[in-house]
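Structure first, then comments.
The values are calculated or read from the model by the stated rules, or taken from the named source; none is laboratory data. This structure is a prediction, so every number in the text was calculated from the model and none was measured. Because the Cβ atoms are built from the backbone with ideal geometry, glycine has one as well, and the counts that use them run over all protein chains shown.
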Amino acid sequence: MACTISNKNHESYNRIQASEAFPKYNLNGSNENERILKLKGYVGFEKLAHQYVNKIVKEGISFNILCIGETGIGKSTLMDTLFNTNLSSSTSTHCLENVDLKSNTFELSEKNVNLKLTIIETCGYGDQIDKSNSHQEILNYLDKQYESFLQEELSLNRNIHQINDKLVHLCLYFISPTGHSLKAIDLNTMKALDSKVNIIPIIAKADTICKNELLHFKQRIMNEIFKNSINIYQFPTNENDSCVNNQNLIANSLYPLAVIGSNEIVKFGNKQVRGRQYEWGIVSIENESHCDFVKLREMILSTNMFDLIEITHTKHYQTFRATRYIELGFCDNENFDPDKKNKCRILRTIKDVYCAKKLDLDEEMHLKELQFKDKFIKKVKEKELIIKEMEKNLNSKFNQWKIEQDEWRHRIEFKRRELDDQMREFTERKFCLDKLKLSTLSSVKNLKKK
C-alpha cells in the first residue's frame, strides 16, 4: 500500500513538474537536443518521490471545496458525511436578498497526513425571484482568489505557499432531486463556472427518487449538459495504473453521482452503519447499490485529489493568468496578428509592459488634457456670452432708470418752482395786509385825537 501511494505521488509530482516552462519538444515528446543515457550505477535520484511524499507529510496539503446548491439541499450534511466529522456549519435562511458565500477552514489529520480543508458554501442560492445573476457573486469570488494569487506572484516578496490555500480546487454542484431535468439556474451557473473551476455535478438527497427514475434523471441531466456544451470535470483515464483508470471510467459513467448525506448511525442487519431509517426500510450511504457516495469519496479524496489541484493551477488559473497578462499588455508570438488595427505589442518583461503602459497613459493624458482644454475654452466662451448678455440687460435697465430719474427730477423741480411762486405770492399778500393794517391803525388814532 505504501508503495502504491509513493508511485501515485511520484506520478503526480512528475505531472506537476511537466507543467512548468521547459524547452520546446518535438512530436515524439522529447527535446531535439536531448540524449538518452544509461547510468552505469546507482545515483540516488530515484528517491525523489519519497522526498516529495515526506514534504507533503511534513507541510500538509490544502484542499478547497466550493458547494453550490439551494438552501436546505444538504450541502453541510454531505460535507460532514464526506469527512466523517462534524464541521459545525451554521444553517442559512431563505430570506437573503442576494446570494452570499460562507467560508470555513478546518485542520484535519489522518495517519500523519495533515489536510487544511476549506469549505465554501452558498447562502440564499436560488431564493431570489430574479435568478439570472445568481452566479455572479460566485464568479466574483473565484476571480478574486485568482487575482490575489496573480498579485502575489507578481510581488517582490512572494508567499506562494500561503496564497495557494485560497484557490478553489473543486466545485460540487448540488442538483435538486426533481426527477425531471435541470433548471435554468443550474445550466446558467455551470456554464458560467466551467472555465473557472472543476465542476462535479451531484444529485442531492437521492433517496427521494426511485431507482428507475434516478437512471432516467441522470440520462436527461447528462444530455442537457452535453447539449449546452458545459465542461464538467472528468476523472482522468490516462494514468499509468490500469486499476485507477478503470475506477475513473466507472465513476465517469455514473455522472451525475447520486449521493445521500447522513450522520446518523442505524442498525442494518447485524451491523451499525451510517444511513437513514424509513418506514419501508434502511438506506445505507456506504452501500454502493443504494447511492454513489462511496464512489464520490474515493474519487475525490483517495484517487484524484492531486489531479484536481493540478488542473486548478495548470488550466483554470493559467487561463485567468493569460487573460490578465493580455490585459496588462503581454502577448506571445502566437497571438500576434499584424493585420489588426490595434496591434498587440510583443512584450516579454515587466519593464516592457511598464514602458508601453507609460506611453499609452502619456498619450491618454495628452488627449484628455486637450479635451479638458477644449471644454474649458468652450465653457469660458459660454460664460462670456452669458456675462455680456447680463451686462447688456443691466445697461438697458440702467438707462431706463436714468430716464425715469431725470423725469422725476424735472417733476420735482417744477413742483419746487410752483411752491416758490406760491410762497412769494403769499409773502407779498401778507406784506400788503400788514401795510393795510398799519395804515388803518394810524388813521384810527388820528380820528381819536381830533
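Overview of results
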read-out	value
Matching entry among Leu419, Leu438 (being at pLDDT below 90 and either loosely packed, with under 10 Cβ neighbours inside 10 Å or over 60 Å from the mean Cα position of the chain (by Cα) (or both))	Leu438
Residue match in the range 393-410 (condition: assigned to a helix (DSSP H, G or I), under 60 Å from the mean Cα position of the chain (by Cα) and surrounded by 10 or more Cβ atoms within 10 Å (Cβ to Cβ))	yes
Residue under evaluation Ser176, criteria (1) touching a residue at least 60 places away in the same chain (Cβ under 8 Å); (2) within 21 Å of the chain's Cα centre (by Cα), criterion not met	(2)
Matching option when the condition is closer than 20 Å to Lys75 by Cα and surrounded by fewer than 18 Cβ atoms within 10 Å (Cβ to Cβ), among Leu187, Leu193, Leu170	Leu187
Matching option when the condition is assigned to a loop (DSSP other than H, G, I, E, B) and not small (Gly, Ala, Ser), among Asn245, Asn238	Asn238
Condition check for Thr71: among the β-branched types (Val, Ile, Thr), under 26 Å from Lys295 (Cβ atoms) and not in a strand (DSSP E or B)	no
Of all residues making up the range 257-291, the number that are without any contact (Cβ under 8 Å) to a residue 40 or more places away in the chain and either in contact with a Leu (Cβ under 9 Å, 6 or more places away or on another chain) or not aromatic (Phe, Trp, Tyr) (or both)	19
Leu156, sole failed condition from (1) outside any helix (DSSP H, G or I); (2) without any contact (Cβ under 8 Å) to a residue 24 or more places away in the chain; (3) over 18 Å from Arg321 (Cα atoms)	(3)
Counted residues, the range 81-106 - those being within 27 Å of the chain's Cα centre (by Cα) and outside any loop (DSSP other than H, G, I, E, B)	7
Qualifying residue in the range 198-221 (condition: acidic (Asp, Glu), at pLDDT below 85 and part of a loop (DSSP other than H, G, I, E, B))	no
Residue that is nearest to Asn84 (Cα to Cα) [pool: residues in the range 107-129 that are without any contact (Cβ under 8 Å) to a residue 24 or more places away in the chain and outside any strand (DSSP E or B)]	Lys111
